[in-house]
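One structure is given here, and the rest of the page talks about it.
The values are calculated or read from the model by the stated rules, or taken from the named source; none is laboratory data. Bear in mind that the values here come from a model prediction, so they are computed numbers and not experimental data. As a convention, Cβ positions derive from the backbone with ideal geometry for all residues, glycine included, and neighbour counts pool all protein chains shown.
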């Protein structure tokens, strides 16, 4: 009888992720973003485009120009992909900015009304002219919890 001896391979296969961006590409994208932000800031300072709206509009235009320069030598498919990526990110930021502005101003202006008993006191004994030290959000928290329980009871079965 003969015995067949096979040697085990020392090489183990490693998974690859070709769709993942390389470090060089990530650095180039980040540098393009930073340069676009700086150029946009300078344009806003020099021209009449003032405020956050002027910066956003300028940044959007400069970002498109930066993508056009970066993708000049690439094929049209990759160029279109880069332009669509910039457009999607810009519209997401455009949609998210007003919400963040409202949320930020509510937090900034509401900080003076926060106190330790705010979360469990109700507005039962307060009037519209009372100071911020009276009342709380206990009723709103309980009402929200009740609505979540009802919605969960409806959707789970």
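Does residue 35 satisfy the condition of being under 25 Å from residue 96 (Cβ atoms) and surrounded by 15 or more Cβ atoms within 10 Å (Cβ to Cβ)?
Taking the combined requirement at face value, the residue does not satisfy it.
Consider residue 135 against the criteria (1) surrounded by fewer than 11 Cβ atoms within 10 Å (Cβ to Cβ); (2) over 30 Å from residue 67 (Cβ atoms): it satisfies all of them except one. Which criterion is unmet?
All conditions pass for residue 135, except number (1).
Residue-wise test of (1) part of a helix (DSSP H, G or I); (2) modelled with pLDDT under 80; (3) in the same structural domain as residue 37 (by TED's automatic domain parsing).
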residue	(1), (2), (3)
66	yes, no, yes
77	yes, no, yes
83	yes, no, yes
122	no, yes, no
139	yes, no, no
144	yes, no, no
153	yes, no, no
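Among (1) over 30 Å from residue 33 (Cα atoms); (2) assigned to a helix (DSSP H, G or I), where does residue 90 come up short?
(1)
Within segment 85-118, which residues are farther than 30 Å from residue 139 by Cα and either loosely packed, with under 11 Cβ neighbours inside 10 Å or over 25 Å from the mean Cα position of the chain (by Cα) (or both)?
88, 92, 95
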